[in-house]
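The values are calculated or read from the model by the stated rules, or taken from the named source; none is laboratory data. Please read these numbers as outputs of a predicted model, since none were measured by experiment. Cβ sites come from the backbone with ideal geometry, for glycine too, and all protein chains shown count toward neighbours. Side chains included, ligands, DNA and RNA excluded: accessible areas come from the protein's heavy atoms. Shrake-Rupley method; radii C 1.70, N 1.55, O 1.52, S 1.80 Å.
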Amino acid sequence: MASLSTQLPEGLIQQTIAYDGLLVYVPAYKSQNLPNALQGKISLAQLQQIFTGQLTNWKQLGSDFPDLPIKPYRPMEPEALRLFQQKVLGNDPSLIAQFSKIEQRSTFNTLRSIAVGEKQAQKTEAGSISFGLLTQTWDQCKIYPLAIAQENLDPVQPLLKETTNSTMQPISPSDNLCLEKKPLLNILAFHTATYPLSTPLIIAYPKDNNLPGNVSGPLFANFLKTQDGQYLLQQAGLVPLQTVPKNYTLSSSILNR
(Lines give C-alpha, C1' and ligand atoms only; values in the text may rest on other atoms or scores of the structure.)
Protein backbone atom coordinates (compact mmCIF):
# COMPACT_ATOMS: atom_id res chain seq x y z
CA MET A 1 0.00 0.00 0.00
CA ALA A 2 1.49 3.36 -1.00
CA SER A 3 0.63 6.77 -2.39
CA LEU A 4 1.28 7.70 -5.99
CA SER A 5 4.06 9.99 -4.77
CA THR A 6 6.10 6.87 -4.01
CA GLN A 7 8.50 5.62 -6.64
CA LEU A 8 7.65 1.97 -7.16
CA PRO A 9 9.66 -0.65 -9.06
CA GLU A 10 8.55 -1.79 -12.49
CA GLY A 11 6.43 -4.89 -12.95
CA LEU A 12 3.66 -3.91 -10.55
CA ILE A 13 -0.07 -3.53 -11.10
CA GLN A 14 -1.64 -0.60 -9.24
CA GLN A 15 -5.21 -0.17 -8.03
CA THR A 16 -6.45 3.02 -6.39
CA ILE A 17 -8.37 2.19 -3.21
CA ALA A 18 -8.73 5.61 -1.47
CA TYR A 19 -7.18 9.07 -1.21
CA ASP A 20 -4.69 10.39 1.31
CA GLY A 21 -3.09 13.78 1.74
CA LEU A 22 -1.62 16.37 4.04
CA LEU A 23 -3.28 18.80 6.42
CA VAL A 24 -1.39 22.00 7.18
CA TYR A 25 -2.30 23.23 10.63
CA VAL A 26 -1.74 25.96 13.21
CA PRO A 27 -2.81 26.03 16.87
CA ALA A 28 -6.46 26.89 17.41
CA TYR A 29 -5.63 29.25 20.32
CA LYS A 30 -8.07 32.15 20.47
CA SER A 31 -5.59 34.47 22.23
CA GLN A 32 -3.18 34.76 19.28
CA ASN A 33 -5.78 33.44 16.82
CA LEU A 34 -3.62 32.59 13.85
CA PRO A 35 -6.55 30.83 12.12
CA ASN A 36 -8.49 34.11 12.15
CA ALA A 37 -5.50 36.23 11.08
CA LEU A 38 -4.92 33.84 8.19
CA GLN A 39 -8.66 33.88 7.38
CA GLY A 40 -8.45 30.12 7.62
CA LYS A 41 -6.19 29.74 4.59
CA ILE A 42 -2.64 29.75 3.31
CA SER A 43 -1.13 29.56 -0.17
CA LEU A 44 1.38 27.08 -1.53
CA ALA A 45 3.74 30.00 -2.16
CA GLN A 46 3.52 31.11 1.48
CA LEU A 47 4.09 27.54 2.67
CA GLN A 48 7.16 27.32 0.49
CA GLN A 49 8.51 30.57 1.93
CA ILE A 50 7.81 29.52 5.52
CA PHE A 51 9.30 26.05 5.25
CA THR A 52 12.44 27.26 3.50
CA GLY A 53 13.14 29.99 6.06
CA GLN A 54 12.23 32.97 3.87
CA LEU A 55 9.41 34.10 6.20
CA THR A 56 10.23 34.17 9.93
CA ASN A 57 7.51 36.33 11.51
CA TRP A 58 3.76 36.21 10.96
CA LYS A 59 3.76 40.03 10.74
CA GLN A 60 5.51 39.67 7.37
CA LEU A 61 2.24 38.39 5.92
CA GLY A 62 0.33 41.59 6.71
CA SER A 63 -0.45 44.31 9.23
CA ASP A 64 -3.38 42.33 10.66
CA PHE A 65 -1.10 39.50 11.73
CA PRO A 66 0.37 39.23 15.24
CA ASP A 67 4.02 40.16 15.77
CA LEU A 68 4.91 36.55 16.42
CA PRO A 69 7.87 34.41 15.33
CA ILE A 70 6.92 31.66 12.89
CA LYS A 71 7.87 28.24 14.26
CA PRO A 72 7.65 25.71 11.45
CA TYR A 73 8.06 22.02 12.25
CA ARG A 74 8.78 19.23 9.80
CA PRO A 75 7.17 15.93 10.78
CA MET A 76 9.29 12.78 10.87
CA GLU A 77 6.97 10.57 8.84
CA PRO A 78 8.71 9.84 5.48
CA GLU A 79 5.49 9.83 3.45
CA ALA A 80 4.44 13.24 4.80
CA LEU A 81 7.85 14.69 3.94
CA ARG A 82 7.81 13.14 0.48
CA LEU A 83 4.35 14.54 -0.28
CA PHE A 84 5.29 18.02 0.94
CA GLN A 85 8.49 18.06 -1.10
CA GLN A 86 6.53 17.05 -4.19
CA LYS A 87 3.40 19.19 -3.77
CA VAL A 88 4.83 22.35 -2.16
CA LEU A 89 8.51 22.40 -3.12
CA GLY A 90 8.13 20.88 -6.57
CA ASN A 91 10.97 18.46 -5.76
CA ASP A 92 13.39 21.36 -6.26
CA PRO A 93 16.77 20.28 -4.78
CA SER A 94 17.70 23.80 -3.63
CA LEU A 95 14.36 24.27 -1.85
CA ILE A 96 14.58 20.80 -0.30
CA ALA A 97 18.05 21.66 1.01
CA GLN A 98 16.60 24.68 2.84
CA PHE A 99 13.58 22.67 3.95
CA SER A 100 15.88 20.07 5.55
CA LYS A 101 17.18 22.76 7.94
CA ILE A 102 13.73 23.27 9.51
CA GLU A 103 13.37 21.73 12.96
CA GLN A 104 11.93 18.24 12.88
CA ARG A 105 9.37 16.88 15.33
CA SER A 106 6.98 13.96 15.08
CA THR A 107 3.35 14.75 14.36
CA PHE A 108 2.39 13.11 17.66
CA ASN A 109 4.75 15.36 19.64
CA THR A 110 3.65 18.49 17.81
CA LEU A 111 -0.03 17.75 18.46
CA ARG A 112 0.69 16.91 22.10
CA SER A 113 2.72 20.09 22.61
CA ILE A 114 -0.13 22.18 21.25
CA ALA A 115 -2.85 20.42 23.26
CA VAL A 116 -1.28 19.65 26.65
CA GLY A 117 -1.19 22.46 29.22
CA GLU A 118 -2.78 24.93 26.86
CA LYS A 119 -1.99 28.12 28.81
CA GLN A 120 1.68 27.25 29.02
CA ALA A 121 1.72 25.90 25.46
CA GLN A 122 0.45 29.22 24.12
CA LYS A 123 3.74 30.81 25.16
CA THR A 124 5.82 28.31 23.21
CA GLU A 125 3.51 27.02 20.45
CA ALA A 126 1.38 30.03 19.48
CA GLY A 127 3.38 30.78 16.31
CA SER A 128 3.86 27.19 15.22
CA ILE A 129 2.81 25.65 11.93
CA SER A 130 3.21 22.09 10.76
CA PHE A 131 1.68 19.46 8.50
CA GLY A 132 0.81 15.80 8.73
CA LEU A 133 -0.98 12.94 7.05
CA LEU A 134 -4.78 12.81 7.18
CA THR A 135 -4.89 9.74 9.41
CA GLN A 136 -2.94 11.56 12.13
CA THR A 137 -4.49 15.00 12.01
CA TRP A 138 -8.05 15.18 10.66
CA ASP A 139 -9.86 14.71 13.99
CA GLN A 140 -7.62 16.80 16.29
CA CYS A 141 -9.64 19.69 17.68
CA LYS A 142 -6.81 21.74 19.24
CA ILE A 143 -5.44 22.57 15.82
CA TYR A 144 -6.96 24.35 12.86
CA PRO A 145 -6.39 22.76 9.42
CA LEU A 146 -5.91 25.52 6.85
CA ALA A 147 -7.53 25.77 3.44
CA ILE A 148 -4.88 25.64 0.72
CA ALA A 149 -4.71 27.99 -2.26
CA GLN A 150 -2.63 27.42 -5.38
CA GLU A 151 -1.75 30.24 -7.77
CA ASN A 152 -4.88 32.29 -8.55
CA LEU A 153 -7.41 29.64 -7.57
CA ASP A 154 -9.73 29.88 -4.57
CA PRO A 155 -8.47 28.15 -1.41
CA VAL A 156 -9.90 24.70 -0.75
CA GLN A 157 -10.69 23.52 2.78
CA PRO A 158 -10.14 19.75 3.22
CA LEU A 159 -12.62 19.45 6.11
CA LEU A 160 -16.36 20.08 6.11
CA LYS A 161 -19.01 20.44 8.80
CA GLU A 162 -22.68 19.55 8.70
CA THR A 163 -25.00 22.50 9.29
CA THR A 164 -28.29 22.44 11.17
CA ASN A 165 -30.19 22.06 7.88
CA SER A 166 -28.03 19.03 6.95
CA THR A 167 -25.98 20.80 4.28
CA MET A 168 -22.18 20.62 4.16
CA GLN A 169 -19.89 23.63 4.28
CA PRO A 170 -16.17 24.20 4.97
CA ILE A 171 -15.06 24.66 8.56
CA SER A 172 -14.13 28.22 9.51
CA PRO A 173 -11.87 29.86 12.15
CA SER A 174 -14.96 30.83 14.18
CA ASP A 175 -15.82 27.15 14.75
CA ASN A 176 -14.92 25.51 18.04
CA LEU A 177 -13.95 22.10 16.74
CA CYS A 178 -13.77 20.67 20.26
CA LEU A 179 -17.43 21.46 20.98
CA GLU A 180 -18.92 20.43 17.65
CA LYS A 181 -19.24 17.13 15.82
CA LYS A 182 -16.07 15.85 14.25
CA PRO A 183 -15.56 17.39 10.81
CA LEU A 184 -15.94 15.29 7.68
CA LEU A 185 -13.43 14.91 4.88
CA ASN A 186 -14.12 16.93 1.75
CA ILE A 187 -14.46 13.88 -0.50
CA LEU A 188 -15.10 15.82 -3.74
CA ALA A 189 -12.01 17.99 -3.26
CA PHE A 190 -9.83 14.88 -2.96
CA HIS A 191 -11.48 13.03 -5.83
CA THR A 192 -11.04 15.97 -8.20
CA ALA A 193 -7.59 16.95 -6.83
CA THR A 194 -8.82 20.51 -6.29
CA TYR A 195 -7.33 20.18 -2.83
CA PRO A 196 -3.65 20.63 -3.76
CA LEU A 197 -2.21 18.36 -1.07
CA SER A 198 -4.16 15.24 -1.98
CA THR A 199 -2.85 12.01 -3.49
CA PRO A 200 -4.36 8.67 -4.54
CA LEU A 201 -3.62 5.72 -2.27
CA ILE A 202 -2.87 2.52 -4.13
CA ILE A 203 -2.39 -1.19 -3.67
CA ALA A 204 0.49 -2.48 -5.78
CA TYR A 205 1.19 -6.12 -6.51
CA PRO A 206 3.34 -8.04 -9.04
CA LYS A 207 2.18 -8.93 -12.54
CA ASP A 208 4.32 -12.07 -12.48
CA ASN A 209 2.21 -15.09 -11.50
CA ASN A 210 5.23 -16.68 -9.84
CA LEU A 211 5.81 -13.86 -7.35
CA PRO A 212 4.21 -13.59 -3.89
CA GLY A 213 1.26 -11.22 -3.83
CA ASN A 214 0.07 -11.91 -7.35
CA VAL A 215 -3.04 -13.64 -5.98
CA SER A 216 -3.48 -11.99 -2.57
CA GLY A 217 -2.81 -8.45 -3.90
CA PRO A 218 -5.87 -8.14 -6.15
CA LEU A 219 -8.05 -9.94 -3.57
CA PHE A 220 -7.04 -7.40 -0.92
CA ALA A 221 -7.52 -4.46 -3.31
CA ASN A 222 -10.96 -5.70 -4.37
CA PHE A 223 -12.02 -6.10 -0.73
CA LEU A 224 -10.92 -2.56 0.09
CA LYS A 225 -13.09 -1.27 -2.76
CA THR A 226 -16.21 -2.95 -1.34
CA GLN A 227 -18.53 -0.92 0.88
CA ASP A 228 -17.10 -2.67 3.96
CA GLY A 229 -13.56 -1.87 2.87
CA GLN A 230 -14.37 1.74 2.05
CA TYR A 231 -16.05 2.16 5.44
CA LEU A 232 -12.97 0.83 7.24
CA LEU A 233 -10.67 3.12 5.25
CA GLN A 234 -12.87 6.12 6.04
CA GLN A 235 -12.88 5.24 9.74
CA ALA A 236 -9.07 5.29 9.59
CA GLY A 237 -9.14 8.88 8.29
CA LEU A 238 -8.71 8.23 4.58
CA VAL A 239 -10.95 9.53 1.80
CA PRO A 240 -13.00 6.68 0.28
CA LEU A 241 -13.58 6.20 -3.43
CA GLN A 242 -17.31 6.10 -2.75
CA THR A 243 -19.40 7.86 -0.15
CA VAL A 244 -20.28 5.57 2.73
CA PRO A 245 -23.88 5.94 3.92
CA LYS A 246 -24.52 7.41 7.36
CA ASN A 247 -24.85 4.86 10.15
CA TYR A 248 -23.32 2.19 7.94
CA THR A 249 -22.93 -1.19 9.67
CA LEU A 250 -20.26 -3.66 8.69
CA SER A 251 -21.53 -6.92 7.21
CA SER A 252 -21.85 -9.88 9.54
CA SER A 253 -19.03 -11.73 7.74
CA ILE A 254 -16.64 -8.98 8.88
CA LEU A 255 -18.04 -8.51 12.39
CA ASN A 256 -17.89 -12.24 13.15
CA ARG A 257 -14.24 -12.67 12.21
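General remarks:
- Cross-link pairs exceeding 19 Å between alpha carbons, from the set LYS59/LYS123; LYS181/LYS225; LYS161/LYS225: LYS181/LYS225; LYS161/LYS225.
- Equivalent ellipsoid, the stretch 167-235 (semi-axes from 5 times Cα gyration tensor eigenvalues, Å): 35, 14, 9
- Shape call, the stretch 98-190: gyration tensor on alpha carbons, a/c limit 1.5: oblate
- Accessible area of the chain belonging to carbon and sulfur atoms, whole % at 1.4 Å probe: 51 percent
- Simple point charges give the picture: +1 on the Cβ of Lys and Arg, -1 on the Cβ of Asp and Glu, and for the chain a dipole about the Cα centre of about 460 debye.
- Straight-distance crosslink candidates among lysines, where the alpha carbon sits under 18 Å from LYS101 and sequence neighbours closer than 8 are dropped: LYS71
- With all pairs of separate Cα atoms included, the stretch 1-41 yields a Kirkwood hydrodynamic radius of 13.9 Å.
- Rough spin-label spacing in nm, given labels placed 7 Å along Cα→Cβ, for GLN39 and ASN109: 3.6 nm
- Averaged per residue, the stretch 80-225 has 52 square angstrom of accessible surface, using a 1.4 angstrom probe with ligands and nucleic acids left out.
- D (Stokes-Einstein, µm²/s), Kirkwood Cα radius, the stretch 20-153, 1.306 mPa s at 10 °C: 107 µm²/s
- Ratio Rg/Rh [Cα only; Rh per Kirkwood] for the stretch 126-257: 1.03
- Value at 222 nm in deg cm²/dmol, rounded to 500, when DSSP H runs of n ≥ 4 in the chain each add -39,500 (n - 2.57): -7500 deg cm²/dmol
- For the chain, the ratio of Cα radius of gyration to the globular rule of thumb 2.2 N^0.38 Å stands at 1.07.
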